[in-house]
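Report on the following structure.
Just so you know, all these numbers are worked out from the coordinates, no wet-lab data involved. For clarity, every value in this text was computed on a predicted model and none was experimentally measured. Note: ideal-geometry Cβ built from the backbone for every residue, glycine included; neighbour counts use all protein chains shown.
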Amino acid sequence: MNMPVPGAPAPEIVTQESLLLGAAERIARIRDGRIAMHIHLSLLRPQNRQEGHIRIALRMLEPMVNAYRGQMFLLGNSDIVFMLKEPNPVDVENMVFKLRALFSKDPLTYADSGDGRDHFSTMYDLETHYEGFLDLARQTVADAKKRLKAKSAGGKEMQNLDSKTLGAVLERLAAIDITRLIRRQTAIVITGQGNAVSLFQEFYVAMAELQKALAPDINLLGNRWLFQHLSQTLDLRMLDSLRAMKLTERPSTFSLNFNLATAATKSFADFEAGEAPGTQISLELSVLDILADSRGYQALRPQLRERGIGVIIDNLNALTLRLMDIRQFDADLYKISWSMEMREAEFGNAAAAALMSVPTEKLLLARCDSEDGIAWGLNQGITRFQGRHVDAMLAAYTMHHCDKAAACTLAQCIARHGVVAGPLRLECGNHAMLDSAPVMRAPKPKKRQEGL
Amino acid sequence: MAFGPVDRATLERQKMIAQRLPTGENLLLEYLHKLERHRRGRRAVLIRLSLLQAVNRREHHVRIAAGTFEPLVKQLKGQVFTLSNCDIVFVFKETALEDVEAGVVRLRFMFSDDPVLAGAAGGEAGTFADWFLLERDYQSLLHYAQRMATEERLRRTQDLAQEAVEKAVSRPVRRGEPLTPLMLGKMEDALVRADLANMMRRQAVCAIVGHAPPQAVFHELFISIADLRETLLPNVNLASSPWLFQQLTETLDRRVLSLLNKHDDRTVAGDVSINLNVQTLLSSEFLTFDDNIKASMRGTIVLELQKVDIFADLGAYMFARDFAHDRGYRICIDGVNIESAPFVDRERLGIDLVKLVWDPLMVAGKLPNGASLEEYINRTGPSRTILCRCDTQEAIDCGQAMGVTLFQGRHVEGLIAAELRRQKGVFRRRR
């Protein structure tokens, strides 16, 4: 390798993309019987195209590429491109089918694109469509350069939480006041009369803010188990903050995103004892947490019922509904996360069918960021909702009735509803309305259609 | 150390200690005192496991070794004593001599790779097992027992003193200290260097039908957490922080995989199961492992995934499952107990096998939600359910009554050992 000369233009970096372009150019005169395939893994949802997924996809393709004396390239955006010499078309078809099946829970593989094109893979017959393939190769090189530039401008990458950094993070967590990181969100229930009434307020810690305050350069969610460990301490800190929280009136409902283990602590018992009689406290538990200590859950469940503490199973989705019988949790409420996939007939109908076995008054559709979710839920007979769209409804209603509303925007009102302390809250001129739970008009729920 | 006549004070002290904690030494001593007038027709054998290398005399080795004589104990033909230095003393009636000899042969075989036995082609064979004819050698056995009891007491006193010192100076690491992130980090570092091959264990998953002897279906390869703890962090209570422990197992799984990748012997010659995390299944270590396995072998390899890991990210699980199935592996969900069973629907999860942890509560036949356990097993598929951690015959009886045919655990190991003994006996008679 040549020594870099100061001031000289940066040497051309060899990337998979540049190798692809080189290969595409070399092949120009020997195109007979060759094909190329572009697998658009970059279009998958981020959670479906992690390192492991891509590694497995490459592994699946390897034998075929070797068998047909081909070449394979993994692009920086996770797309895979490979070229084959005189392959058996059935083999190629089968392999792409297999690969597609592996990613079958991602909308990319089943969603109807509307234009009749397959967005998962594109095949190039190099005899007839060589130019198109060459364009593709050139395009990937240009994209890679852009990515590289963006990356070097973006600074260093965050490190994942590990056991060595966890200790320091925990120490820092013990030292900071997390009250300003606490967020609240109202869940509503739509009554038969078409009124939307506050069901409860959920209190939780804003992860992005926590990240900034605790360890800006460490990805706290980068290690699931270590984060779970961290969250146990976080729960206790949050209980301290909730007790000290100053609102115009004490909330009559608390829905708390806690670990199962927290429910058995003295801190939680103290919190419970400190609230006014009649205050409705609910725990939002994750499936993971319950499965990790089912014995603890089965023992705690009757105790909580006796103490009048509600049990909510958080973060259920179409997949959870498909793979398990959620009724076994014997919870008071099941929070189903709305996602755009549920609009797709295949996904949505399956989810709706799975929900049929649960009484609608035990269902809440969460993460309704747009009206779509609420519309879908109402169609299933669901009347309990939570999400950014609900926040907006609530803020709009507040502004309609608030005498100080002229000075504010809807976005400001939404943001101020979401916090319990700090400058955002101080900007609001009507704390009484901010902390109150109004009754709003809402679309009427539909009766559930049996026998879906 | 010289041995005078047993004085009163010593006896008193021994008695007092025996009352406090009946150690093997004290039990042996007491038993020998009782036998003083019944020496006739009795023999004893001393198996000096203490001479073996440390890796060969871990708890389970000693347990299995002592278990060799268990059937004779049940037939009231003798008494077995395990001493704290791992030596085993078996005192027996002369009529059982042949069985005992056979047992000692088996033990020699079991530890034959240990230097003590490997080099001993007859001449030194006496050191591993010492025989006593009580009518003649009573005193020497008694002296041995007294010496052992004294040494044990001394050790105990030292331990207590040591413990007191530790308490006094309040060292950061004490017995039962909870696992902290810092320790976890050290342990993870140590795992990179530690020789895990020594800690690798195999346990059979067996088909047991009726009273027929167990038939091994496959063997689980795993790292003994107890040994690991002993070696790396003897004073830490790993159960104190379940999530940190989970992180540790993930690191461990990965290490096991690279260990298996290094082995070119036939450790993974099929009919085995290994523990894996979903993330590990998608790792390059696993792909290397997969490369080293003959395609025809994959169908006989079971990948065990922890229930927590599966439910932590169902999407990732589905992906990993489909990949593993495509390669021909079978998947087993591990760690399902009576409390979590209602959440684990084998068919919906698309999993091949379910490992149900034995719990004496199962005798009542109900799950915590009131549903019938038998029905659950029927739905799971009796031939796809493995009742694991079976420590007693009760577990097997209870499992069989509900249709389960696959079992794993210490008691199953005992049954296999018993069957081996029986076969050997038959073989010898035929000869």
Revision key, fill the gap. Note: B:341-353 gets an average of partner chain Cβ contacts (10 Å, Cβ to Cβ) equal to 3
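DSSP loop (so not H, G, I, E, B), at most 16 other Cβ within 10 Å: list which trypsin sites (Lys or Arg not before Pro) in the range A:192-248 pass both filters.
Working: sites: A:Lys212, A:Arg224, A:Arg237, A:Arg243, A:Lys246; in loops: A:Lys246.
Loop-located and lightly packed - A:Lys246.
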Point to revise | DSSP-defined antiparallel bridges as percent of all bridges, chain B, nearest 5 | key: 55
Check your understanding: Which order do peptides B:140-153, B:316-329 fall in by mean Cβ count within 10 Å, highest first?
Key -> B:316-329, B:140-153
Point to revise | Sum of side-chain charges, B:Val302 neighbourhood, beta-carbon under 12 Å (Lys, Arg +1; Asp, Glu -1) | key: -1
**Study point:** With Cα atoms, 0 to 90° folded angle of helix B:242-262 axis to chain B main axis
**Key:** 90
Review point. In peptide A:15-23, how many Cβ atoms from other protein chains are near each Cβ within 10 Å, on average?
Key: 0
Revision key, fill the gap. Once the in-chain neighbours fewer than 8 apart are removed, the aspartates and glutamates whose Cα is under 18 Å from A:Lys404 read A:Glu427, A:Asp435
Exercise for review: Within 10 Å of each Cβ in peptide A:221-229, how many partner chain Cβ atoms are there on average? Round it to a whole number, please.
Suggested key: 6
Review point. Modelled label-to-label distance, B:Lys424 and A:Arg388, 7 Å Cα→beta-carbon offset: nm?
Key: 7.1
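Taking the highest mean first, how do the peptides A:96-107, A:403-414 order by number of other beta carbon atoms within 10 angstrom per residue? Mind dumping the intermediate values first?
Values: A:96-107: 17.7, A:403-414: 13.7.
The packing order, highest mean first, is A:96-107, A:403-414.
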Check your understanding: What distance in nm separates the simple spin-label points at A:Asp177 and B:Lys74, each placed 7 Å from Cα in the Cβ direction?
Key -> 6.9
Review point. Local charge sum around B:Lys93 (other residues, Cβ-Cβ under 13 Å, Lys/Arg +1, Asp/Glu -1)?
Key: +1
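At a threshold of 8 angstrom on Cα-Cα distance, excluding pairs fewer than six apart, so keeping six or more, what relative contact order does the range A:302-435 reach in percent? Don't skip to the answer; put the middle values down first.
Working: 151 pairs, mean separation 21.2, N = 134.
The normalised contact order for the range A:302-435 reaches 16 percent.
As an exercise, use a Förster radius of 41 Å and the Cβ-Cβ distance of B:Arg202 and A:Ile13 to find the FRET efficiency, rounded to the nearest 0.05. All intermediate terms of the calculation are to be shown ahead of the outcome.
Numbers: r = 49 Å, r/R0 = 1.20.
With R0 = 41 Å, the Cβ-Cβ based efficiency is 0.25.
For A:Arg301 and A:His400, calculate 0.36 nm times their separation in residues minus their Cα-Cα distance, and state this gained length in nm to one decimal. Write down the numbers at each step before the final one.
Values: separation 99, 0.36 × 99 = 35.64 nm, distance 4.20 nm.
Gain on extension, A:Arg301 to A:His400, equals 31.4 nm.
Work out, step by step, the length gained on full extension between B:Thr392 and B:Arg136: first 0.36 nm times the residue separation, then minus their alpha carbon distance; give nm to one decimal. Each step should come with its number before you reach the end.
Values: separation 256, 0.36 × 256 = 92.16 nm, distance 3.90 nm.
Working it through step by step, the gained length comes to 88.3 nm.
Quickly rank A:433-441, B:380-388, B:301-309 as a protection proxy: mean count of other C-beta atoms within 10 Å, highest first. Can you show the working numbers first?
On the way: A:433-441: 16.1, B:380-388: 20.8, B:301-309: 23.9.
Peptide ranking by packing, descending: B:301-309, B:380-388, A:433-441.
Rounded to the nearest 0.05, what FRET efficiency do B:Lys294 and A:Asp91 give with R0 = 25 Å and r taken as the Cβ-Cβ distance? Could you check?
Values: r = 22 Å, r/R0 = 0.89.
For B:Lys294 and A:Asp91, the calculated efficiency is 0.65.
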Point to revise | Gain on full stretching of the segment that runs from A:Arg448 to A:Asp162 - 0.36 nm per residue minus C-alpha separation | key: 98.2 nm
Check your understanding: How would you classify the range A:243-346 from its alpha-carbon gyration tensor, with a ≥ b ≥ c the square roots of the eigenvalues: rounded for a/c under 1.5, else prolate if a/b is greater than b/c, otherwise oblate?
Key -> oblate
Exercise for review: Just flag the GluC sites (Glu not before Pro) in the range A:145-249 sitting in loop per DSSP whose Cβ has no more than 10 other Cβ atoms within 10 Å.
Suggested key: A:Glu157, A:Glu249
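Taking K and R as +1 and D and E as -1, what net charge do the other residues with C-beta under 11 Å from the C-beta of A:Ser339 add up to?
Summing Lys and Arg as +1 and Asp and Glu as -1 gives -1.
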Revision key, fill the gap. Distance in nm between B:Ser372 and A:Ser267 label points, each 7 Å along Cα→Cβ, equals 4.6
**Study point:** Inter-centroid distance (Cα atoms) of the range A:412-452 relative to the range B:315-346, Å
**Key:** 41
